[in-house]
Every structure is written in C-alpha cells, then in structure tokens.
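Below: the structure, in structure tokens.
The values are calculated or read from the model by the stated rules, or taken from the named source; none is laboratory data. Predicted model, so just to flag it, every value in this text is computed and none were measured. Backbone-built Cβ (ideal geometry, glycine too); neighbour counts: all protein chains shown. Ligands, DNA and RNA are excluded from the accessible area calculation, which covers all protein heavy atoms including side chains. Shrake-Rupley method; radii C 1.70, N 1.55, O 1.52, S 1.80 Å.
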Amino acid sequence: MLATDQWRAGQFMGRRWPIGCVALEVTQRCNLDCTACYLSDLSESVKDLPLGEVFRRIDQIFELYGPDTDIQITGGDPTLRKRDELLAIVRRIRDKGMRPTLFTNGIRARRELLAELVDAGLVDVAFHVDMTQRRRGYESEIALNALRQEYIERVRGLPISVMFNTTVYEGNFDQIPEVVAFFVRNSDVVRLASFQTSAQVGRTVLARRPARISLAGVQHQIEAGAGTRLAFDAAQIGHVDCNRYAMAFVIHGNAVDAFDDKKLFDDILEHTARLPFPRNRPNRVVSTFVRRILTSPSLTLRGTAWLARKVWQAKADLLRARGRVHKLSFFIHDFMDAGCLDPARIEACVFAVATADGPVSMCQHNANRNAFILQPVRLGGSRGERFWDPLSGDLHEQPIRWDLQAECLSVQPNRRVRRRPDATVQA
C-alpha cells in the first residue's frame with residue numbers, strides 16, 4: 001500500500017488483513033454459460049486439479065498470509081467437484097485456521113450440501129446471481145429476486161454468513177436499486193451485497209460498458225436502492241480505483257449509514273486492527289468489538305455519543321423493530337479489461353488467485369488465464385517427481401508445454417482439443 005501510494009487512515013489492508021482474499025479455483029468447469037464470463041474457451045477442457053495440489057496451494061496461502069485469511073473456494077463452480085473432495089478442501093482450510101467461503105451460482109448448492117460444508121468448517125457462502133447467466137424463466141434482474149429469495153431460504157438458520165454477487169452491465173444497471181432494496185429487506189440473512197462491473201476478459205461477449213457503469217455510477221444506484229447516502233469514501237480496501245466499501249445498519253427495513261463519522265471510523269479501525277471478526281458469528285463480532293473499544297476511554301466516549309445520536313435519529317424504527325438491528329455491507333469492485341491492466345493497480349491488488357507458483361492479482365490472472373490453467377503441475381510421490389497434464393489428467397516424466405497461439409492444442413497423439421470458431425486465446 002505504501003509503494004502504490006494507497007496507505008492512508010482508512011486503509012484496511014495492512015491493518016485488518018494482509019490480503020483481502022485468495023481465490024482457490026478447484027475446478028474450471030461450470031454449469032452456466034454467462035455472457036460476462038472470466039473463464040477461457042479452453043477452461044471446460046481442463047481437468048480438476050489433483051486434491052494434493054489443492055492442499056499444497058492452501059498450505060502456501062497460509063505460509064504467505066497466516067491465519068484468518070479469507071479463501072474463496074471457486075472455479076468454475078466448485079459444487080461440480082466431487083462432494084467428498086469439496087468437503088476435504090473446506091476442512092483443510094479450516095484446520096489451518098483460515099476462513100473458507102464457497103462461491104457458487106447455487107444450482108447444486110442444496111441445503112444438505114451446505115449443512116455438510118458448514119459442519120466441515122465453511123464460514124461464508126456467496127451466491128452469484130444476475131442476468132448475464134441467462135437463467136431460463138427470468139426476464140429481468142428484478143425477476144431474479146425470486147431466485148435470490150429461494151437461496152436465502154435454503155440457508156436460513158445455518159450458522160453461516162451469506163453474500164450475493166451481481167455483475168453490473170448495461171442490461172441491468174437501471175434495475176440495481178431494486179436489487180439493493182431486496183437485500184435491505186433480507187438483511188436478517190444477507191450480510192454483504194457485492195457488485196462487480198463487467199470487463200472485457202475471458203469468454204465475455206458483452207459490449208464494452210458505457211461510462212456510467214463505474215465505481216461512482218454503481219455507488220449512486222446502491223444509494224438509490226438503500227434510500228440513503230452511504231459513506232463509500234470512509235473505508236479503503238486496496239487501490240482506490242479498484243474497490244468501494246460501505247456499511248449500513250438496517251432497522252425496520254430502513255438503512256442507516258454506519259460510517260458517517262470518518263474520523264471516528266479511522267480511529268476505531270486503528271484501535272481494532274488485527275482483531276478477528278467471525279462474520280458467521282454476529283454476536284461474537286459485537287462482543288469482541290465492544291470489549292476492544294472499552295479499552296480506550298476516548299473512543300468509548302466518542303463512540304457512545306455517536307451511538308446516542310444514531311439511536312435518537314432511528315428511535316421510531318427501533319421501537320417498531322423492538323430493538324433488532326441488522327448489518328448490511330456493500331462492496332463495489334471495478335474489474336479491469338484484459339488489454340488495459342494498470343500496473344499500479346495490479347501491484348496494489350488485494351484479491352488474488354492461487355496458482356502453482358503462488359497468488360497473483362485476480363485481474364492479471366483473468367487476463368492471462370490459459371497461461372496459468374494449462375501450466376503442468378509438478379507432483380511428488382513414491383515414484384518420484386512427475387508432471388500432471390491439465391488437459392488429459394495424465395502424469396508424465398517431463399512437463400508438456402502448450403503453444404497458446406496454435407490453431408489447436410495437441411493433447412495426445414491423434415487427439416486434439418479445438419477452440420470455438422470465435423475464440424480468442426490470451427497469450
């Protein structure tokens with residue numbers, strides 16, 4: 001953060017976490033065909049990583065970033081992985097003291113599976129639902145709220161933090177306020193609503209997004225849906241041109257900005273740095289936070305005054321809600337196009353993807369996906385060092401290197417994997 005001039009009072013990175021999260025892609029397969037897909041045209045031909053290699057990458061993440069690191073178990077869709085292997089991956093992450101999150105489109109994430117994953121140590125589940133997925137029977141982003149409700153009911157009562165991801169593009173931009181209003185109404189279960197701008201990367205077939213689909217534009221739509229101004233400029237997560245974050249308290253269906261006193265926010269962040277906050281245990285989060293604040297008389301006094309002001313402003317809603325208050329966070333991520341990567345943003349990236357050689361920036365990974373997913377994987381064993389071929393799943397004495405510019409890729413003698421006619425490989 002210092003090297004890229006992103007270190008300032010409200011910066012979470014280097015205070016709360018050493019890294020925002022690391023995506024662990026356990027499969028390249030998916031059961032949807034999204035128009036804003038970061039996967040490549042060769043992804044469906046790639047075999048699932050050997051479980052031992054997945055474990056090695058988990059251990060490597062721990063060595064780099066330590067306990068409480070958020071790991072996104074993703075793909076493709078991770079629920080396409082064998083059930084016992086998916087459970088083993090979650091256990092491995094939890095056994096290392098890190099926080100596993102399942103990123104899924106929800107199609108195969110039934111309650112029975114989610115309950116098993118929670119028992120194995122799953123902390124969060126993030127459902128990706130939007131119109132780019134072309135789900136049958138849903139004609140608008142607003143109509144998809146019915147599916148979002150189905151997913152919410154599927155996890156209701158499980159000790160897990162629930163998040164939703166929405167890709168923002170020209171086709172749903174005007175409907176974002178209604179989606180936000182839906183999340184506000186369901187803030188008793190939903191803890192975070194994440195909105196990501198579409199990017200020219202991978203298999204994306206959407207036209208370039210217009211200027212209004214930006215960090216500022218999406219922020220405006222979120223505030224319209226929440227019915228209040230939100231301080232997206234108080235907290236900073238990584239590079240200021242990449243991310244925006246805000247938090248609201250929802251009382252009787254009305255959202256109230258939680259970060260309206262920036263100086264108080266900055267001082268509290270500094271005072272609570274390094275504290276673990278288990279999102280799937282809201283009561284523990286509150287008690288941990290309060291105990292820490294009480295160790296500072298100055299912060300206790302200022303925080304009490306701020307809280308009293310908030311209570312007075314929301315007194316009517318608090319009475320109607322019988323004192324029940326829910327927390328709902330909003331996150332905006334502005335992904336970069338594959339051909340327009342900003343080196344400073346790459347260097348300051350706090351959302352990484354685990355690769356054979358260690359984590360790399362998510363935007364960098366998506367822009368050069370084939371170079372990463374086609375890389376032979378070195379495996380050890382009783383028979384000595386061997387190399388796993390991602391396209392065949394076979395083990396070889398020597399690594400096979402693929403020519404990404406070739407018209408077709410030779411996998412084995414007399415066997416070839418062809419691209420779609422309109423495919424473009426990122427070299």
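Could the peptides 145-154, 303-312, 43-52, 189-198 be put in order, highest first, of the mean number of other beta-carbon atoms found within 10 Å of their residues?
Values: 145-154: 16.5, 303-312: 13.1, 43-52: 18.1, 189-198: 21.4.
Put in order of decreasing packing, that is 189-198, 43-52, 145-154, 303-312.
Computed from point charges on the beta carbon alone (+1 for Lys and Arg, -1 for Asp and Glu), the dipole magnitude for the range 143-254 about its Cα centre is near 180 Debye. For a straight C-alpha distance cut-off of 22 angstrom, the lysines reachable from residue 47 (same-chain residues fewer than eight places away being disregarded) are 82.
Sorted largest first, the principal axis extents computed over the alpha-carbon atoms of the range 14-70 equal 38, 28, 14 Å. Starting from the Cα of residue 306, step 7 Å toward the Cβ, then list every residue of the range 328-362 with an amide N under 12 Å from that point. No residues fall inside that zone. I want the antiparallel fraction of DSSP beta bridges within the chain, as a percent rounded to 5. Roughly 40 percent of the beta bridges in the chain run antiparallel, per DSSP. Here residue 147 and residue 397 are evaluated by their C-beta separation; at R0 = 56 Å the FRET efficiency comes out at 0.70. Averaged over residues, the count of other Cβ atoms within 10 Å places the peptides 215-224, 333-342 in the sequence 215-224, 333-342, highest first. Pair-distance distribution of the range 1-113: all C-alpha pairs, bin width 10 Å, starting at 0; shares per bin in whole percent are 13, 39, 30, 16, 2. Farthest toward the positive end of the dipole of the range 240-307, out of 247, 283, 295, is the Cα of 283, where the dipole comes from beta carbon charges about the Cα centre. Toward the positive end of the charge dipole of the chain, with +1 on the Cβ of Lys and Arg and -1 on the Cβ of Asp and Glu, the farthest Cα among 19, 365, 39 is that of 19.
From the largest down, the range 254-293 spans 28, 25, 14 angstrom on the principal axes of its Cα atoms. The amide H of residue 166, built 1.01 Å from its N in the peptide plane, has 194, 195, 196 as neighbours under 5 Å, considering only residues 5 or more places off or on other chains.
Dipole magnitude for the range 224-311: computed about the Cα centre from +1 point charges on Lys and Arg Cβ and -1 point charges on Asp and Glu Cβ, it is near 400 debye.
Taking 0.36 nm per residue of sequence separation and subtracting the Cα-Cα distance, how much length would be gained by fully extending the chain between residue 281 and residue 313, in nm to one decimal? Mind dumping the intermediate values first?
Numbers: separation 32, 0.36 × 32 = 11.52 nm, distance 2.73 nm.
That works out to 8.8 nm of additional length.
Measuring r between the beta carbons of residue 4 and residue 84 and using R0 = 30 Å, the FRET efficiency lands at 0.10.
In sequence order, the range 90-105 has phi-based couplings of 4, 4, 4, 5, 5, 5, 7, x, 9, 10, x, 10, 8, 9, 8, 7 Hz under the Karplus curve 6.51 cos²θ - 1.76 cosθ + 1.60, θ = phi - 60°, and Gly or Pro positions carry x. Taking 14, 157, 384 in turn, the Gaussian network model of the chain (Cα-Cα springs below 10 Å) assigns the largest fluctuation to 384. Taking amide H positions as modeled 1.01 Å from N, with prolines and chain starts lacking one, the residues under 5 Å from residue 38 and 5 or more places away or on another chain are 203. According to the calculation over all Cα-Cα pairs in the range 205-312, the P(r) per 10 Å bin from zero is 12, 36, 35, 13, 4, 1 %.
Counting only protein heavy atoms and a probe of 1.4 Å, the accessible surface of the chain is 52% carbon and sulfur.
Using +1 on the beta carbon of Lys and Arg, -1 on that of Asp and Glu, and nothing else charged, what's the dipole of the range 24-98 about the Cα centre, debye to 20?
Details: 11 positive and 14 negative charges, 59 e Å.
Around 280 debye, computed over the range 24-98.
Starting from the Kirkwood Rh over alpha-carbon pairs, what translational D in µm² s⁻¹ does the range 135-237 have by Stokes-Einstein at 4 °C and 1.567 mPa s? The estimated diffusion coefficient comes to 87 µm²/s. Expressed in units of 2.2 N^0.38 Å, where N is the residue count, the Cα radius of gyration of the range 322-402 is 1.65. Per the Debye calculation on the chain with a single equal scatterer at every Cα and no solvent contribution, log₁₀ I(q)/I(0) for q = 0.07, 0.11 Å⁻¹ amounts to -0.35, -0.87.
Give, in whole angstrom and from largest to smallest, the semi-axes √(5λ) of the equivalent ellipsoid of the range 101-171, with λ running over the eigenvalues of the Cα gyration tensor. Could the numbers behind the result be given before it?
Working: eigenvalues 113, 28, 18 Å².
Equivalent ellipsoid of the range 101-171: 24, 12, 10 Å, largest first.
Backbone phi angles across the range 344-356, fed through the Karplus curve with coefficients 6.51, -1.76 and 1.60 (θ = phi - 60°), yield HN-Hα couplings of 5, 5, 4, 5, 9, 5, 10, 10, 9, 10, 6, 10, 4 Hz in residue order; Gly and Pro are listed as x. Could you provide, to the nearest whole Å², the per residue accessible area of the range 195-346 with probe 1.4 Å? Per-residue accessible area for the range 195-346 comes out at 51 Å². Contact order, relative form, for the chain: 19 percent (alpha carbon pairs under 8 Å, 6 or more residues apart, mean separation divided by residue count).
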